[in-house]
Amino acid sequence: MSKDADIIAEGEGKQLKKSAKYPLDCGAGADADQHGQGVSSSRDEKVSSLKTGLIHAARKMPKNAHAHFILGLMYQRMGQPQKAVVAYEKAAEILLRGEEEIDRPELLSLVQIHHAQCILLGSSGDSERELETKELDEILCKLKESMTSDIRQASVWNTLGMILLKTGRLQNAISVLSSLLAIVPENLDCLGNLGIAYFQSGNLELSAKCFQDLILKDQNHPAALANYAAILLCKYGSVVAGAGTNAGDGASEDQVTASNVARECLLAAVKMDPKAAHLWGNLSNAYYMTGDHKSSGKCLEKAAKLEPNCLATRYAVAVHRIRDAERSQNPTEQLSWAGNEMASVIREGDSVLIETPIAWAGLAMVHKAQHEIAAGFEIERNELIEAEERAIYSLKQAIAEDPDDGVQWHQLGLHSLCTQQFKTSQKYLKAAVARLKECSYAWSNLGISLQLSESSPQAEEVYKRALFLATAEQAHSIFSNLGNLYRQEKQYECAKAMFTKSLELKPGYAPAYNNLGLVFVAEDRWEEAKYCFNKALQTDPLLDAAKSNMIKAVAMCRVCASLSSCLLQD
């Protein structure tokens with residue numbers, strides 16, 4: 001915006017000299033700038049002289065809109081937006097009189113644009129403060145007046161919307177961009193920026209609609225394709241079922257469809273811009289969502305080759321290596337590479353590109369994976385303790401970087417829960433829910449910790465709190481956890497009701513089938529138990545607990561059949 005203002009000032013200054021009825025008279029200020037040779041004038045003195053001259057010119061030519069406009073520009077560049085507003089208002093007043101000799105619609109448009117800019121600058125003392133209603137109404141009024149007189153000014157107003165967006169004034173940006181879009185509905189840049197504003201404000205539905213409309217108007221718009229894919233990945237990426245929680249074929253249809261659409265959008269985008277590393281990074285996420293880990297890794301390799309020094313890409317590559325190691329349960333060099341990469345991100349990191357708490361959280365992921373995998377193998381106890389200490393250190397360091405980040409408290413609580421330090425995990429999980437009061441997962445995990453430490457009444461209360469906060473996509477796992485609590489309390493009918501509800505919400509949910517099978521085991525109903533364990537394994541062959549329970553159930557069915565046969569013979 002400032003560069004444009006410089007160009008405008010120069011052009012309008014030249015027009016002023018040609019069109020003014022009288023030559024520009026700087027008065028006393030003109031002589032003040034003439035010094036003898038070798039004597040330099042300070043910048044402040046020059047600015048003061050210029051200001052004096054412009055004020056004098058504006059007073060001597062009260063009907064000269066150019067003079068007031070240039071005076072306003074000077075105040076604007078001096079960082080005095082309130083005084084600039086007064087000058088721009090005077091210029092606009094002159095131009096709106098409708099007299100033929102001063103009818104200048106293009107100049108009026110420029111005045112209105114700069115007037116709106118100064119209203120914005122005048123409220124920018126707190127860069128994150130949203131504009132007051134009166135201030136915003138003034139800007140929107142100037143926008144409409146400017147667009148009425150000159151439709152070509154849309155790009156300038158779009159830039160103003162972007163300034164609001166970049167300074168964190170999301171609602172103001174949405175107001176300006178949506179008002180502009182109502183006037184020029186075919187402005188694709190405005191539509192795209194409005195989509196970004198909605199996305200940053202958390203309104204994924206309206207954001208998606210903006211990008212859908214943009215793609216319909218321009219199917220080869222790479223930014224629209226990439227942003228729409230990002231919305232789908234953000235919305236569905238956190239709920240796609242993984243190992244231990246797989247649903248049936250039809251249960252995750254929306255997630256699968258979304259990940260496929262995201263993948264196709266990104267494939268089209270990288271075809272148009274194959275050297276954009278961030279597109280390859282997002283395409284990697286889309287492939288990962290669909291379960292194509294091999295293609296996901298290849299996309300990350302491509303991104304890393306295009307931008308080998310990009311910290312975000314290096315972070316993503318390290319995370320991919322951690323996932324590979326976890327899937328294979330083989331402590332290969334992958335985790336060492338990932339750990340070195342995460343450590344280098346911390347050492348070289350720019351807090352603007354990669355937030356330090358996130359970098360430490362990434363290193364904590366490596367150390368947690370190393371500890372969990374090591375715990376599954378027969379290794380020296382000292383090595384296991386060392387791996388656990390590294391994990392705890394990096395998790396606590398992530399918290400130290402941002403003590404208000406509930407996610408990191410949650411991760412530390414989960415680690416303590418996995419290592420069966422139930423009292424410690426409760427301390428950290430309580431810290432997490434204090435910061436993430438609306439997070440159902442944090443409450444549910446706190447319930448698990450209380451349940452495992454035999455605090456059943458508290459666990460039941462916490463599970464019910466988690467259910468109250470849970471969305472339809474989250475509730476199935478919490479119902480299953482609550483059912484497991486009732487099973488341990490031998491409230492079998494209540495337990496079966498909870499597991500049934502879980503399976504209604506997510507048909508094929510393997511843990512619910514496995515736990516329901518355990519209820520039937522407690523009731524000596526071995527055939528029903530075997531059926532449940534079999535259903536669990538059909539939807540999640542990796543669920544080891546169901547495998548073990550299935551073996552026992554089959555053996556007991558044989559014993560029961562043998563006993564029945566003996567009784568019949570007798």
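The values are calculated or read from the model by the stated rules, or taken from the named source; none is laboratory data. Worth saying up front: this structure is predicted, and the values here are computed from it rather than measured. Neighbour counts are summed over all protein chains in view; Cβ atoms, including those assigned to glycine, are modelled from backbone coordinates with ideal geometry. Keep in mind that these areas ignore ligands, DNA and RNA; they rest on the heavy atoms of the full protein, side chains included. Shrake-Rupley method; radii C 1.70, N 1.55, O 1.52, S 1.80 Å.
Structure summary
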read-out	value
Positions within region 383-406 being open to solvent by 10 Å² or more (accessible area, probe 1.4 Å) and more than 17 Å from Val366 (Cβ to Cβ), in sequence order	Ile385, Ala400, Asp402, Pro403, Asp404, Asp405
Hits in region 442-472 (condition: part of a helix (DSSP H, G or I) and at pLDDT below 90)	Ser456, Pro457
Segments classed as helices (runs of 4 or more DSSP H), wholly inside region 375-436, with at least 1 members that are among the aromatic types (Phe, Trp, Tyr) and within 25 Å of the chain's Cα centre (by Cα)	406-418, 422-435
Of residues in region 74-93 being in a helix (DSSP H, G or I) and over 19 Å from Glu138 (Cβ atoms), the one most open to solvent (accessible area, probe 1.4 Å)	Arg77
In region 166-191, the residues that are of a type outside the set (Lys, Arg), open to solvent by less than 10 Å² (accessible area, probe 1.4 Å) and under 21 Å from the mean Cα position of the chain (by Cα)	Asn172, Ala173, Leu177, Cys190, Leu191
Test set (1) under 30 Å from Phe468 (Cα atoms); (2) open to solvent by 20 Å² or more (accessible area, probe 1.4 Å); (3) at pLDDT 90 or above - Tyr531 fails condition number	(1)
Output for region 287-303, where each listed residue is of a type in the set (S, T, N, Q) and either at positive phi or over 22 Å from the mean Cα position of the chain (by Cα) (or both)	Ser295
Positions within region 53-63 being out of contact with any Cys (no Cβ under 8 Å at 6 or more places or on another chain), assigned to a helix (DSSP H, G or I) and not hydrophobic (A, V, I, L, M, F, W, C), in sequence order	Arg59, Lys60
Residue within region 338-350 that is open to solvent by 60 Å² or more (accessible area, probe 1.4 Å), aliphatic (A, V, I, L, M), assigned to a helix (DSSP H, G or I) and modelled with pLDDT of 70 or more present	no
Subset tally (residues that are in a helix (DSSP H, G or I) and surrounded by 16 or more Cβ atoms within 10 Å (Cβ to Cβ)) for region 274-294	13
Condition check for Asp213: open to solvent by 30 Å² or more (accessible area, probe 1.4 Å) and at pLDDT 90 or above	yes
Of residues in region 487-512 being part of a loop (DSSP other than H, G, I, E, B) and open to solvent by 60 Å² or more (accessible area, probe 1.4 Å), the one nearest to Ser477 (Cα to Cα)	Pro507
Pairs with Cβ under 6 Å, 6+ apart, first in region 200-218 and under 19 Å from Met162 (Cβ atoms) and without any contact (Cβ under 8 Å) to a residue 40 or more places away in the chain, second among the polar types (S, T, N, Q) and surrounded by 14 or more Cβ atoms within 10 Å (Cβ to Cβ)	Phe211/Asn227
Residue within region 473-485 that is over 26 Å from Leu429 (Cα atoms) and at pLDDT 85 or above present	no
Enumeration of residues in region 430-468 that are open to solvent by 30 Å² or more (accessible area, probe 1.4 Å) and among the aliphatic types (A, V, I, L, M)	Ala434, Leu436, Ile448, Leu452, Leu467
Residue identified as modelled with pLDDT of 80 or more and either within 18 Å of Ala432 (Cα to Cα) or acidic (Asp, Glu) (or both) among Ala361, Ala398	Ala398
Residue list for region 272-297, filter: charged (D, E, K, R) and either touching a residue at least 12 places away in the same chain (Cβ under 8 Å) or touching a Ser or Thr at 6+ places or on another chain (Cβ under 7 Å) (or both)	Asp273, Lys275
